[in-house]
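Please treat every number below as a calculation from the coordinates, not as lab data. Computed from a predicted structure; not experimentally measured. As a convention, Cβ positions derive from the backbone with ideal geometry for all residues, glycine included, and neighbour counts pool all protein chains shown.
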Amino acid sequence: MTRPVNIKSQQEIMLMNRAGQLLATVFRMLDSIVKPGITTMAINDCVESFIVNELRARPASKGQYDYQFVLNSSLNDVVCHGVPSSNQKLKDSDILNIDITLEKDGFIADSSKMYLMPHATPLARHLSEVTYQAMWKGIEQVKPGATLGDIGHAIQRYAVSHGYSIVREYCGHGIGREMHEAPQILHYGEPGTGMTLKPGMTFTIEPMVNQGSAKVKTKRDGWTVVTRDKKLSAQWEHTVLVTGSGYKVLTLREEEKC
């Protein structure tokens, strides 16, 4: 049975936009502290303190599905759902995805960003950049009357044209009062297929792009998903609103505004 999609009212959109902009400030704070030598647990603790004490908001991931932390920290060959650790110290060639959710006044925003350490290889940087652009190719398809297949196809076509593969086991999702609402947003597909977009829909677009094979596996901790071939993976994510004429990125960060 297909779950109904929650179309947001103007009041709800205003609250979601507020949550999204607060989440953008969390990443701005992280920009100055994510560097070689810091542990992923220290990053987690900084984010929790900032969200709770500075923003007076709630880290929505903590406690969701019995998860104990406020973010996912996915390092190098980790595709998604990496678990922070006090033993995991960033090296100067690492790439790291940090995925954070934040709830304010009953509504949740979700976003992730890649952090590339100073000596990350050119190949790693290229993977991250292509993944970022693939996300935007998908976002640019968002408008009333477009379909979910239009989004997935644009992402897939761009990533594959650069020799990369799209992870299929995980996808974007509707978001609002709950972290995971309908619909699912696949990062592959065919144009003109799937649900038709309507104003007031809110969902995440968050492609996971692998340097090698698309095949993944989950580690024994039950959370951490890695590439089977141990090659690098990258992910970027934004929460997006379908407007009357196109889209609005609710989690847009300062450096992305033109």
**OP:** Provide the gained length on full extension for the span residue 133 to residue 229, in nm with one decimal, where the gain is 0.36 nm per separating residue minus the Cα-Cα distance.
**Re:** 32.2 nm
**OP:** Enumerate the amide H contacts of residue 85 below 5 Å, restricted to partners 5 or more residues apart or on another chain; note that Pro and chain-start residues carry no placed amide H.
**Re:** 40, 41
**OP:** Go ahead and set up a Gaussian network model of the chain, Cα springs under 10 Å, then flag whichever of 72, 97, 87 fluctuates most.
**Re:** 87
Original post:
Mind listing the phi-derived Karplus ³J(HN,Hα) values for the range 52-65, rounded to whole Hz, using 6.51, -1.76 and 1.60 with θ = phi - 60°, and x for any glycine or proline?
Top reply: 6, 8, 8, 9, 6, 10, 10, x, 6, 6, 5, x, 6, 6
**OP:** Before anything else, pin down the relative contact order of the range 10-249: Cα pairs under 8 Å, at least 6 apart, normalised by residue count, whole percent.
**Re:** 21 percent
Subject >> Alpha-carbon centroid distance for the pair the range 60-106 / the range 200-258, whole angstrom >> reply: 13 Å
Original post:
Under 17 Å from the Cα of residue 137, which lysines turn up, not counting those fewer than eight places away in the same chain?
Top reply: 113, 248, 257
Original post:
Between the range 1-50 and the range 144-172, what is the C-alpha centre distance in whole Å?
Top reply: 23 Å
Subject >> Calculated FRET efficiency for the pair residue 18/residue 48, C-beta based, R₀ 25 Å, to 0.05 >> reply: 0.80
Original post:
Looking at the range 221-258, which trypsin sites (Lys or Arg not before Pro) are in a loop (DSSP not H, G, I, E or B) and have at most 14 other Cβ atoms within 10 Å?
Top reply: 228, 230, 257
**OP:** Can you pull the one-decimal nm distance between simple spin-label points at residue 65 and residue 125, each 7 Å off the Cα toward Cβ?
**Re:** 3.4 nm
Original post:
Sorting 115, 164 on the 10 Å Cβ count, fewest up front, what's the list?
Top reply: 115, 164
**OP:** Could you grab the relative contact order for the range 100-214? Cα pairs under 8 Å, six or more apart, rounded to a whole percent.
**Re:** 31 percent
**OP:** Starting from the Cα gyration tensor of the range 175-258, multiply each eigenvalue by 5, take the square root, and state the resulting semi-axes largest first in whole Å.
**Re:** 28, 16, 14
